[in-house]
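Notes to accompany the following structure.
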Amino acid sequence: EDFFPGGALDVRYATAKTNGTSAARTFTAGNTNGYLELVSGTDDNGYAGTAYSLSWTGDRGCLLEGIIRTPADITDFKFEVGLADSLTDDAGVINAKATPTFNATDCAVFVYDTDNNTALDFISAQAGAGVVTTGVLAADALAASTTYRFAIRVETNSVMAWWQGVPILGGNHLIEGGNKITPWFFCQARAVSESKTLQLHKWRMAQPAY
């Protein structure tokens, strides 16, 4: 769990995954309300991503809750928030949203990617086989400079998700319950453009105490 207080980022975070000019994971002490920044940088397909620790499984059960704030400009932009099976998924867990194809083997993420369209989707994968729920937010419905809340629950192999408190319906979402997973947050530029910043304000993982 983290809401980003204090003077330094927790040393237990995995090394940030960044690529491209000015791409970065940035923490500044004393930010109002507390947040971590993922900065896409200015290169086409430059990115910044962060994971925490591969410390949870669906077989034991877990619930991820998070709060993000979108950049002031969401054109030519991609972000992912959710769960992944790797600390080092370069260029995101979702390789292409349209198909979809994956860099991860097991994952469950909300993904927005203007290389495909301007809708927000929810995508999961079990052993590389994906399920997509399209139109969590319809085309052009995602707003810039806006705070959003989400949750993803994994119980054995089954995945459930909520966006702004609304359950995600459609699709039998699955993940491999025996594989270790981590919270995952990521953004990427989709053109040579002004750098964009995704703010992560809070996340927490809960699991049964047994």
**Request:** Mind checking which lysines have their Cα closer than 26 Å to the Cα of K196? Skip sequence neighbours fewer than 8 apart in that chain.
**Result:** K17, K78, K97
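Using alpha-carbon pairs under 8 Å, 6+ residues apart, how would you state the relative contact order of the stretch 57-174 in percent? Display every interim value, and only then the final one.
Numbers: 265 pairs, mean separation 34.7, N = 118.
Taking the mean separation of contacting Cα pairs over the length of the stretch 57-174, I get 29 percent.
If you put +1 on each Lys and Arg Cβ and -1 on each Asp and Glu Cβ, how big is the dipole of the chain around its Cα centre, in Debye rounded to 20?
Values: 14 positive and 22 negative charges, 89 e Å.
That gives a dipole near 420 debye.
Using the Cα centre of the stretch 73-132 as the reference point, and only Cβ charges (+1 on K/R, -1 on D/E), how large is the resulting charge dipole? Debye, rounded to the nearest 20. Kindly include the intermediate steps, with their values, before the conclusion.
Values: 2 positive and 10 negative charges, 34 e Å.
Computed charge dipole of the stretch 73-132: roughly 160 debye.
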**Prompt:** What list of ³J(HN,Hα) couplings, whole Hz, do you get for the stretch 122-132 from phi and the Karplus terms 6.51, -1.76, 1.60, once you set θ to phi - 60° and write x for glycine and proline?
**Reply:** 10, 10, 10, 9, 10, 6, x, 9, x, 10, 10
**Fill in**
With every protein chain kept in place and a 1.4 Å probe, the stretch 154-208 has an accessible area per residue in Å² of 44
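Restricting to Cα atoms and excluding each atom paired with itself, what does the Kirkwood estimate give for the stretch 116-188 in Å?
Values: mean 1/r = 0.0743 Å⁻¹.
It works out to 13.5 Å.
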**Request:** For the stretch 1-124, just say rounded, prolate or oblate: build the C-alpha gyration tensor, square-root its eigenvalues into a ≥ b ≥ c, call rounded for a/c under 1.5, and beyond that prolate if a/b exceeds b/c, oblate if not.
**Result:** oblate
**Message:** Keeping all protein chains in the complex and leaving out DNA, RNA and ligands, what accessible area do you get for L198 with a 1.4 Å probe, in Å² to the nearest 10?
**Reply:** 0
**Item:** Solution diffusion estimate, µm²/s, Stokes-Einstein, the stretch 76-119, Kirkwood Rh from C-alpha pairs, 37 °C, viscosity 0.692 mPa s
**Value:** 311
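Counting DSSP beta bridges in the chain, what percent are antiparallel, to the nearest 5?
Working: 71 of 71 bridges.
Rounded to the nearest five, the antiparallel share is 100 percent.
With all protein chains present, how much of the accessible area of the chain (probe radius 1.4 Å) comes from carbon and sulfur, to the nearest whole percent? Walk me through the numbers before you get to the answer.
Values: 4190 of 8800 Å².
Answer for the chain: carbon and sulfur cover 48 percent of the accessible area.
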**Ratio Rg/Rh [Cα only; Rh per Kirkwood] for the chain** = 0.93
**Asked** Between the stretch 65-84 and the stretch 170-188, what's the alpha-carbon centroid distance in Å?
**Response** 16
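The values are calculated or read from the model by the stated rules, or taken from the named source; none is laboratory data. It should be emphasised that the depicted structure is a prediction, and the values quoted were computed from it without experimental measurement. Neighbour counts are summed over all protein chains in view; Cβ atoms, including those assigned to glycine, are modelled from backbone coordinates with ideal geometry. We work out accessible area using only protein heavy atoms, side chains counted, and drop any ligands, DNA or RNA first. Shrake-Rupley method; radii C 1.70, N 1.55, O 1.52, S 1.80 Å.
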